[in-house]
Every structure is written in structure tokens, then in C-alpha cells.
Amino acid sequence: MPFLDLLPGSVVLGPMTKGSNLPYRRLCVELGARVTVGEMTVARRLKQKHRSEFALIRRAPEEPCFGVQLAGNNPDEMAWAAALVASRGADFVDVNLGCPIDYFTSKGLGAALARQPKRVQRIVEEMVRALGGVPVTVKIRLGWNSDHLNYLDVAKAAVDGGAAAVFVHGRTRDARYRFAADWDAVGEVVRAVPVPVIGNGDLLFPHDVEAARQRSGCAAVMVARGGLIKPWLFREMTEGYRELTADDRLAIYQRYVALALEHWGDHDRARAQVADFTRWHFGFWCRYAPRRPDGSWPGMQEREDLVFAVTPLERLLARQDQAAHAWLTDRLLANEAVDPEAAPPPSDEEVDGRNSVQVAG
Ligand SMILES: Cc1cc2nc3c(=O)[nH]c(=O)nc-3n(C[C@H](O)[C@H](O)[C@H](O)COP(=O)(O)O)c2cc1C
């Protein structure tokens, strides 16, 4: 379905290396997501025919609207890659202008590319030309650091180049996840460009989404960690906030394993891959916390006090240690019942480190 038709009011599953893998996107679609973005894909690696990179641009047939995010800084290469991913089914093609990782920024990609608005404009222009109607979007941050905030320049340059929408993650490259996202800055972009703006940062509950929309006036929002911690967030947007039992949550995690086995296969090497991804996802699933007993809401930036975890299964699902994640993964892959009493005991650090730990993300 056309991106711009589906976009208004939607909650987009954002691009996440490892996180927005194909089976995880399918899970989110089953739970109500309509617009999904795959893992960052390096244009040059496509050109060099890396098989692993081609795996990242595959869409699932049931994805209503699938975007591929490309990283690159050469206009011809980006245009070539954009045409390729569109020919393989992408409904829109996004340019990564926010990746903070040194390995990529040292090559002039991601957040480093956003320091050159003119080059951004040229890249978008070439991509638009090559795509003949498939929308090009950009995903930006607010700038390199708080002394170099250039989000309005970058957003305008991208739109001058023909970008059909702008995703704005309301933090700088240097801030990583240290501060809350700045939704007033998202609102400035909304007012500065004539295309839909999709705001991003710190959304975990339907009321967060509503507040962010109100504050910024954005056309839609994007979630990343929120979609990993609570993939049922998409359903909550239409059905309202619901506290899932630990069994309900476990059934969702089990569904992910089934989708992952379907995707990667059921032989030994594929099962190792599924186990690796599932353990990794448990690192986010364990951050789940419901509304607090006093009616207030947990935030994204702090690890929540685990008073809500009363039953043995709730306590097990809230454990942050690798041993618990590996044990749970093994049970889900073997399709065995999860008996919390049989799980390995938590380590001392696990017991001590539960409260108010900064979320790394
Ligand atoms: C595991 C992980 C991987 C990510 N990978 C990408 C990526 O490939 N491309 C990108 O533009 N942003 C990436 N991000 C950033 C998110 O898309 C998003 O902008 C950021 O996490 C803020 O949203 P949130 O507060 O909802 O997490 C990643 C985030 C996480 C947590």
C-alpha cells in the first residue's frame, strides 16, 4: 500500500540493526504495525553483492508497507541501490542520516553525512530520479552535538532534493540515549517543511504517543526500543493500554521463535541463528514494566523497579542476565514448557542491579 496513504497517524516500526529483522517485523505486523522499516543496509555492500546485505532488503509478503533504509554517501551508488531495493519490493527508501557508530561516521556515513546538507540534497535528488515515484525519505537526528544543531537545514535540504517525508529522532549524535528526546525540536521541523514529519524518541505507551503528537504536531511517530520491549504497542494504539500477563507475553515471544524458524530454517545452523536473535531480543523483552501501582508510568530512560514482578514467571521474564535469556531461549526453541523453578538461579549482580539501571539501548 502506498506509504503516504498509510502514514498519517501511524506508529512506524523504526529501522534497527538486528532488531527490525524480517521475522520480528512479521510479529509486529501481526500485532498491528502497518509501516515497518528494515535494518540499515549499506549501499556499497549491495553493489559488492554481499549476500548478508541482500538478506536485509527482503520484505515479508504480509508487510503492508515496507521501507528499506540505505546508508551511503555517494549519490550514484545510493541511486543504484535505491532502484535495486525498490525492484525487490520496498514501498519507500530511507536515507540513514543518524547512525552514530564511529565505524560508519568515520567513512562519512550516517550522522557524519548529515553534516553536509548539500550532499544530502544531491543524494536525495539522484535517488528520486532513479526511483520514478517510489518515495524517498530521510531519517535525521538533531545534529552532531548540542553545539552543532543543523536539523532544520538538513530537513530542508532533503525536502528540496525531493524527500517525501522526514523522520526525526529528537536527539543529537553525541547524546546517544543520555537525554530525553526533544519533541519541541520535532515540532520545529514540522513547521519548517511542507512534507509529513514522523517524530521519534522514547515512546513506550499510547499516552506517550498522544503527548508526542500533540506537542510536535507530527503526522506520525516512529518507535524503536518501544517496539522491541513491547511489540504489542502497535495493537495498544487501537485497542488501548492493556497489561499482559507473563503467559501472554511468553506466547508472543514463542510466536517470534516460530516466525524466526520459518524464516531462517529448522536445521542446526539456522537454529543457532534463531537462538542468537532470540537471546538478543530477551535483552529488550526483560525491560517490560507495566503501569505503576500509583497510576504513574515507567519511562524509557530508566530501568524500572521490579515490584510488579510477583509471580516466579514474571520474575524470570524480568531477569537481565545472559544465563536466564539463554535458558528461556532454549526452552522456546525446544517448544518446552517454561518452569521458572527449573531456571538457573540469578547471580548476585542480577539481584543487586535491578533497580534504576540506565538503559543502554
Ligand atoms: C538495537 C537498535 C538498532 C538501531 N539501528 C538503527 C538503524 O539501523 N538505523 C537507524 O536509523 N536507527 C537505528 N536505531 C535508532 C532507532 O531507529 C531510533 O531512532 C532510536 O532508538 C530512538 O527511538 P526510541 O527512543 O524509540 O528507541 C537503532 C536503535 C536500536 C535500539
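When Val186, Val120, Val168, Val138 are checked against the criterion of being crowded, with 24+ Cβ neighbours inside 10 Å and either more than 20 Å from Asn73 (Cα to Cα) or among the aromatic types (Phe, Trp, Tyr) (or both), Val186 stands alone in meeting it. Is it the case that the stretch 54-65 has a residue that's within 15 Å of the ligand (Cβ to nearest atom) and not aliphatic (A, V, I, L, M)? So far as the stretch 54-65 goes, no, none of its residues is within 15 Å of the ligand (Cβ to nearest atom) and not aliphatic (A, V, I, L, M). Note down all Cβ pairs under 8 Å where the first residue falls in the stretch 82-109 and is within 17 Å of Arg129 (Cα to Cα) and not assigned by TED's automatic domain parsing to the domain that holds Arg59, the second is buried (at least 17 other Cβ atoms within 10 Å of the Cβ) and of a type in the set (S, T, N, Q), and they're at least six residues apart or on different chains. The qualifying pairs do not exist here.
Filtered by the rule that a residue be away from the ligand (no atom under 15 Å from the Cβ), hydrophobic (A, V, I, L, M, F, W, C) and part of a loop (DSSP other than H, G, I, E, B), the stretch 1-26 gives Met1, Leu7. Counted as qualifying within the stretch 60-162 are no strands (runs of 3 or more DSSP E), as none has 2 or more residues that are over 23 Å from Leu4 (Cα atoms) and among the basic types (Lys, Arg).
Just to be sure, is Thr238 closer than 19 Å to Thr36 by Cβ and over 18 Å from the mean Cα position of the chain (by Cα)? Against the criterion (closer than 19 Å to Thr36 by Cβ and over 18 Å from the mean Cα position of the chain (by Cα)), Thr238 qualifies. Within the stretch 27-46, the set of residues being part of a loop (DSSP other than H, G, I, E, B), of a type outside the set (Gly, Ala, Ser) and within 11 Å of the ligand (Cβ to nearest atom) comprises Glu39, Met40. Looking across the stretch 75-106, the residues that are buried (at least 17 other Cβ atoms within 10 Å of the Cβ), of a type outside the set (A, V, I, L, M, F, W, C) and over 17 Å from the mean Cα position of the chain (by Cα) come down to Pro75, Glu77, Asp91, Thr105. Residues in the stretch 233-255 that are under 27 Å from Arg315 (Cβ atoms), surrounded by fewer than 23 Cβ atoms within 10 Å (Cβ to Cβ) and within 15 Å of the ligand (Cβ to nearest atom): Glu236 alone. Restricting to the stretch 123-132, and then to whatever is more than 19 Å from Val197 (Cα to Cα) and either in contact with a Phe, Trp or Tyr (Cβ under 8 Å, 6 or more places away or on another chain) or surrounded by fewer than 24 Cβ atoms within 10 Å (Cβ to Cβ) (or both), can you tell me which residue is modelled with the lowest pLDDT? The selected residue is Gly132.
You will find that of Ala83, Ala90, Ala71, Ala111, the residue that is among the aliphatic types (A, V, I, L, M) and away from the ligand (no atom under 16 Å from the Cβ) is Ala83 and no other. Gly133 satisfies every condition listed in (1) in contact (Cβ under 8 Å) with a residue 12 or more places away in the chain; (2) more than 21 Å from the chain's Cα centre (by Cα) except (1).
The values are calculated or read from the model by the stated rules, or taken from the named source; none is laboratory data. This is a predicted model, so every value here is computed, not measured. Cβ atoms come from the backbone with ideal geometry, glycine included; neighbour counts cover every protein chain shown.
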